[in-house]
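The values are calculated or read from the model by the stated rules, or taken from the named source; none is laboratory data. Just so we're clear, the structure is a prediction, and the values are computed from it rather than from any experiment. Quick reminder, even Gly has a Cβ in these numbers, built from the backbone with ideal geometry, and neighbours come from all protein chains shown. When the accessible area is computed, the model is the full protein with side chains, heavy atoms only, and any ligands, DNA or RNA have been set aside. Shrake-Rupley method; radii C 1.70, N 1.55, O 1.52, S 1.80 Å.
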Amino acid sequence: MAILVTGGLGYIGSHTVVELLNNNFEVIIVDDLSNSEKFILNNIQEITGKKPIFYPFDLRRKELLHQVFDAHTIEGCINFAAYKAVGESQEKPLDYYENNLFTLINILQEFKNRNISNFIFSSSCTVYGQADKMPIDESALLKTPESVYGKTKQMGEEVLKDFANAYHSKICLLRYFNPIGAHPSSLLGELPIGVPNNLVPYVMQTATGIREKLNVWGNDYNTEDGTAIRDYIYVVDLAKAHVAALQKLMTNTSVETTIDIFNLGTGKGSSVLEVVEAFEKANSVSVPYQICDRREGDIEIAYADASKAEQELGWKSETTLQEALKTAWNWQKYLETKTN
Ligand code: NAD
């Protein structure tokens, strides 16, 4: 019996594969390496002492996916595979709709035809837009996301709810806040792609000198220091939540449709300048920055009420912002040794 992890060589996927292997799950990874590298597979093996089965192909190729389901007894899926660059999604909307939705539908077709349940979907706090009140719990109103990327996440959630209702399936939607950091071994982390959209990769590239200055988008928000606030969740903590969610789905023997939704965050908001300061302190480096105009589409503040995950999954975030930022920097240094 195995768990299919799509995008399992990506940032969150690779950390989750490690946690699954450490919890004795058999793991099958499908990843087309469009945003990951083969060496991550070896590093997973180095950390866990186990080598997951790996298929390098694009999940849009239905016939190859079908063969994987024929070859293994799959009893659940964690679906990380997606394109995730917000800016790029505006420039290439069809690529994003096609990749993020067709891949999902192809897997669900296999689930339906083989009567498999237990599906976990990587969603995002972007589905809440600028929520009316903080912290954000799972009952907060969903707003149409500004970006095509965000829309693919919201549409993915709808596809899954309809799927679960029609086929009495068990699904779990995990709405991540802002994942940061890297594995404590420094063997896994977020791979840089182009100009980073997210704060922490940008901070790191500035600290290494790849970028001259960090652009802080707006200091006139209605927050204490005027910069935008987000909820930064350590990636290993996030990975552990997937194992807890999977265990909950798999031990639920009810034949009823189940749609679980959990916010995964720390419950604490940090401003851009607080993150910069924490990074500088954690790593004894300096991060030059400049204040710029607000960036279109950015919201003022978002942090999670993650108490539902604590009550129902027995999971909560354990790692401080500074600890997480230290691991991120160690990963950056590891990457430099690989490219030199
Ligand atoms: P990532 O890009 O590091 O990982 C995604 C992986 O999927 C990559 O390894 C890529 O090669 C693979 N992939 C993409 N399309 C594929 C396809 N058609 N077939 C096979 N493999 C494919 O991204 P991540 O940061 O690990 O994010 C994982 C999931 O979490 C994504 O669905 C993302 O939208 C979601 N998410 C991420 C964040 C974040 O800030 N990182 C926040 C909220 C939600």
(message) Can you find, among PRO201, ILE107, SER307, the residue sitting farthest towards the positive end of the charge dipole of the chain, where Lys and Arg contribute +1 and Asp and Glu -1 at Cβ?
(response) ILE107
(message) If I stretch the segment between GLU296 and ASP95 completely, what's the gain in nm (0.36 nm per residue apart, minus their alpha carbon distance), one decimal?
(response) 70.2 nm
(request) Run through the DSSP bridge list for the chain and note the antiparallel percent, rounded to the nearest 5. (result) 5 percent
(request) Kindly give the semi-axes, whole Å and largest first, of the ellipsoid equivalent to the chain, taking each as the square root of 5 times a Cα gyration tensor eigenvalue. (result) 31, 23, 19
(message) Assuming a strict under-26 Å limit between Cα atoms, what lysine pair count do you get for the range 227-340 once near-sequence pairs (fewer than 8 apart, same chain) are dropped?
(response) 20
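Determine the relative contact order of the range 75-155: mean sequence separation of Cα pairs under 8 Å and six or more apart, normalised by residue count, in whole percent.
On the way: 90 pairs, mean separation 33.7, N = 81.
Once normalised by length, the contact order is 42 percent.
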(message) Springs between alpha-carbon pairs under 10 angstrom, Gaussian network model over the chain: which of ALA166, ALA282, ALA324 fluctuates most?
(response) ALA166
(request) Show which lysines lie in cross-link reach of LYS153 when reach means a straight Cα distance below 16 angstrom and same-chain residues fewer than eight apart are skipped. (result) LYS84, LYS92, LYS143, LYS161
(request) Report, to the nearest 10°, how far helix 199-208 tilts away from the longest principal axis of the Cα atoms in the chain, using its own Cα long axis and a range of 0 to 90°. (result) 60 degrees
(message) For the ranges 230-241, 30-41, 5-16, 263-274, what's the packing order if you count other beta-carbon atoms within 10 Å of each residue, average per peptide, and put the highest first?
(response) 5-16, 230-241, 263-274, 30-41
(request) Please give the solvent-accessible surface of LYS50 in Å², to the nearest 10, using a probe radius of 1.4 Å with every protein chain present. (result) 70 Å²
(message) Compute the helix-to-body angle for 103-114: its Cα long axis versus the longest principal axis of the chain, expressed 0 to 90° and rounded to tens.
(response) 30 degrees
(request) Relative to the longest principal axis of the C-alpha atoms of the chain, give the angle of the C-alpha long axis of helix 39-48, reported between 0 and 90° and rounded to the nearest 10°. (result) 80 degrees
(request) Among the aspartates and glutamates, select those whose C-alpha is under 19 Å from the C-alpha of LYS151, and discard any that sit fewer than 8 residues away in the same chain. (result) GLU88, GLU91, ASP95, GLU98, GLU138, ASP162, GLU296, ASP298
(request) Using +1 at the Cβ of each Lys and Arg and -1 at the Cβ of each Asp and Glu in the chain, identify which of THR253, TYR83, PRO288 lies farthest towards the dipole's positive end. (result) THR253
(request) List the relative contact order of the chain as a percent without decimals, with contacts defined as Cα pairs under 8 Å and 6+ residues apart. (result) 19 percent
(message) Loop only by DSSP, 16 or fewer other Cβ within 10 Å of the Cβ. Give me the trypsin sites (Lys or Arg not before Pro) in the range 282-313 that pass, ordered by residue number.
(response) ARG294, ARG295
(request) Taking only Cα atoms and a 10 Å spring cutoff, compute GNM fluctuations for the chain and point out the largest among VAL216, VAL255, VAL285. (result) VAL255
(message) With equal scatterers on the alpha carbons only and no solvent term, can you work out the Debye log10 of I(q)/I(0) for the range 1-154 at 0.16, 0.20 1/Å?
(response) -0.93, -1.25
